[in-house]
Amino acid sequence: MTPSDSPAVGEAPSLWRRFTAAYASLLSHLVVASVAVLIIPVSLQIFSRHTALIPSYIWTEEMARFLFIWTISIGAMIGVRESTHFEVDVMPELPPRAEAVARLIGRIGTLVLACVFVFAGTKFVEFAWFRTSELADLPLWLIHLPWPMMGVTWIIFLGEQMWDDVLIAAGRKASPVKPAINDIEAGTLNL
């Protein structure tokens with residue numbers, strides 16, 4: 001559970017927070033499934049190169065590339081949700097309100113990048129709409145679709161996080177509790 005999931009004590013999460021949590025859960029399952037499926041064409045490539053047991057399939061390279069792009073994109077979406085993507089700790093320990101303002105400034109930069117992904121990604125998908133891949137004859141818009149999806153997903157997750165940061169900076173919400181370094185090192189976090 002990330003800080004943006006956690007409601008105040010005794011308060012049920014809003015419908016929006018339940019939706020974003022369900023969406024994040026779906027993305028987590030999709031990334032596991034895409035990695036599992038990615039193993040198949042990559043394994044076929046390896047076995048066909050090093051043995052004569054199976055023929056050399058050409059479509060496996062293209063399928064692996066498609067799945068790899070989707071896996072990376074879904075992982076980046078999850079990373080923004082969990083504040084592990086585009087997040088670097090370079091500031092000294094700050095009071096909660098100042099830290100919320102610093103996070104907000106960083107998230108505004110990520111939001112600008114997300115808007116670029118939505119706008120340019122949409123053009124990218126339009127460009128590939130009636131084209132197909134050379135080897136497997138797959139529609140190319142499927143390989144271009146992750147870019148605008150990533151941007152929209154980042155905007156959804158960033159909006160939730162930025163709202164929390166605004167409330168913390170305004171003093172209307174308590175800052176999330178940071179895990180102790182001893183718990184991190186010992187692996188005893190109960191997330």
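The values are calculated or read from the model by the stated rules, or taken from the named source; none is laboratory data. As the structure is a prediction and not an experimental result, all values here were calculated from the model. In case anyone asks, the SASA skips ligands and DNA or RNA and just uses the protein heavy atoms, side chains included. Shrake-Rupley method; radii C 1.70, N 1.55, O 1.52, S 1.80 Å.
Note down the relative contact order for segment 59-146 as a percent, whole number, built from C-alpha pairs under 8 angstrom at least six residues apart. Show your work: numbers first, answer last.
Values: 45 pairs, mean separation 29.5, N = 88.
It comes to 33 percent, rounded to a whole number.
If I compute solvent accessible area with a 1.4 Å probe over the protein chains, what percent of it on segment 93-145 is carbon and sulfur? Could the numbers behind the result be given before it?
Details: 2480 of 3410 Å².
On segment 93-145, the fraction of accessible area on carbon and sulfur atoms equals 73 percent.
Whose amide H sits under 5 Å from the amide H of residue 132, counting only residues 5 or more places off or on another chain, with H placed in the peptide plane?
Under 5 Å from the amide H of residue 132 lie the amide H atoms of 140, each far enough along the sequence or on another chain.
If you take the square roots of the eigenvalues of the alpha-carbon gyration tensor of segment 37-136 and sort them as a ≥ b ≥ c, do you get rounded (a/c under 1.5), prolate (a/b over b/c) or oblate?
On the way: a/c = 5.58, a/b = 2.01, b/c = 2.77.
Because a/c hits 1.5 or more and a/b fails to exceed b/c, segment 37-136 counts as oblate.
Mind checking the full-extension length gain between residue 175 and residue 65? Use 0.36 nm per residue of separation minus the Cα-Cα distance, one decimal, nm. Please list the in-between numbers first.
On the way: separation 110, 0.36 × 110 = 39.60 nm, distance 4.12 nm.
Full-extension gain reported as 35.5 nm.
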